[in-house]
Amino acid sequence: MAKTLYIDLEKCRDCKSCHAECSYFYHPFNDGITYLREVAEFTLTCRQCEAAPCIEVCPTDALERQDDGIIRRWNIRCVACNSCSYACPFGTILPELIGYAVSRCDFCHARLNHKDAPVCVDKCTLGAISYGEYEVNEEKNIYRISDHLLVHAISWNKKVLF
Ligand code: SF4
Ligand code: SF4
């Protein structure tokens, strides 16, 4: 079984100051974990409102619903005004997830080739990030977000499996 990054979103939400470092040498402020948390929240917490207040309120059309129904924020258009965060009635878009600078995560591809875990795994003081062999388990609230990421979170829509 392939190893993946695993984020416990329930623990993350208890942390008020994420200091999980990233490996981006040329972009030392890259906040990959926050980027992944945002994607996971849109996937698991978002109610995917038909008339989405977050999309309606965005002044720069930075939020778009994808073909699979999941909302995506295009950082390049976002001005980090946080209007979407205030408009969402379900608390999906936590203000700390809306960064102004664009961050990405490549799952420390170069390190994985050398069998090392991603840098953030050791840097998270709450132990919310780990790296290993995980399986989707709906009963335990573990969901797949992408090929390289599984997340533990109480999903709003348990019928959705990825
Ligand atoms: S924070 Fe970004 S995505 Fe949200 S409303 Fe403002 S511009 Fe749009
Ligand atoms: S308002 Fe909140 S719950 Fe509704 S689609 Fe936007 S992010 Fe999702």
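Structure notes:
- The dipole here belongs to segment 4-152: it is taken about the Cα centre, uses +1 on the Cβ of Lys and Arg and -1 on the Cβ of Asp and Glu, and is about 340 debye.
- Segment 104-133 versus segment 9-85: alpha-carbon centroid distance in Å: 20 Å
- Share of Cα-Cα pairs in the chain lying beyond 26 Å, as whole percent: 27 percent
- Taking segment 11-162 as the region of interest, the number of lysine pairs whose Cα atoms are within less than 18 Å, with members eight or more places apart or on different chains, is 6.
- With the simple model of a label 7 Å out from the Cα in the direction of the Cβ, residue 154 to residue 115 spans 4.0 nm.
- Cα-based reach from residue 3 at 15 Å (exclusive), listing aspartates and glutamates while leaving out same-chain residues under 8 positions away: 106, 116, 133, 135, 147
- R0 of 25 Å, Cβ-Cβ distance residue 25-residue 1: FRET efficiency to nearest 0.05: 0.25
- Using the Cβ of residue 55 as centre and a radius below 13 Å, the other residues enclosed give a net charge of +1, where K and R count +1 and D and E count -1.
- Look at the dipole of segment 4-152 built from charges on Cβ: of 121, 89, 137, the Cα furthest out on the positive end belongs to 121.
- Spin-label model, residue 17 to residue 104: label points 7 Å out along the Cα-to-beta-carbon direction sit 3.0 nm apart.
- Taking the Cα centre of segment 85-124 as origin and assigning +1 to Lys and Arg Cβ atoms and -1 to Asp and Glu Cβ atoms, the resulting dipole is close to 100 debye.
Values quoted throughout were computed directly from the atomic coordinates according to the rules given, and no laboratory measurement underlies them. The shown structure was predicted, so the numbers you read here are calculated from the model rather than taken from an experiment. Quick reminder, even Gly has a Cβ in these numbers, built from the backbone with ideal geometry, and neighbours come from all protein chains shown.
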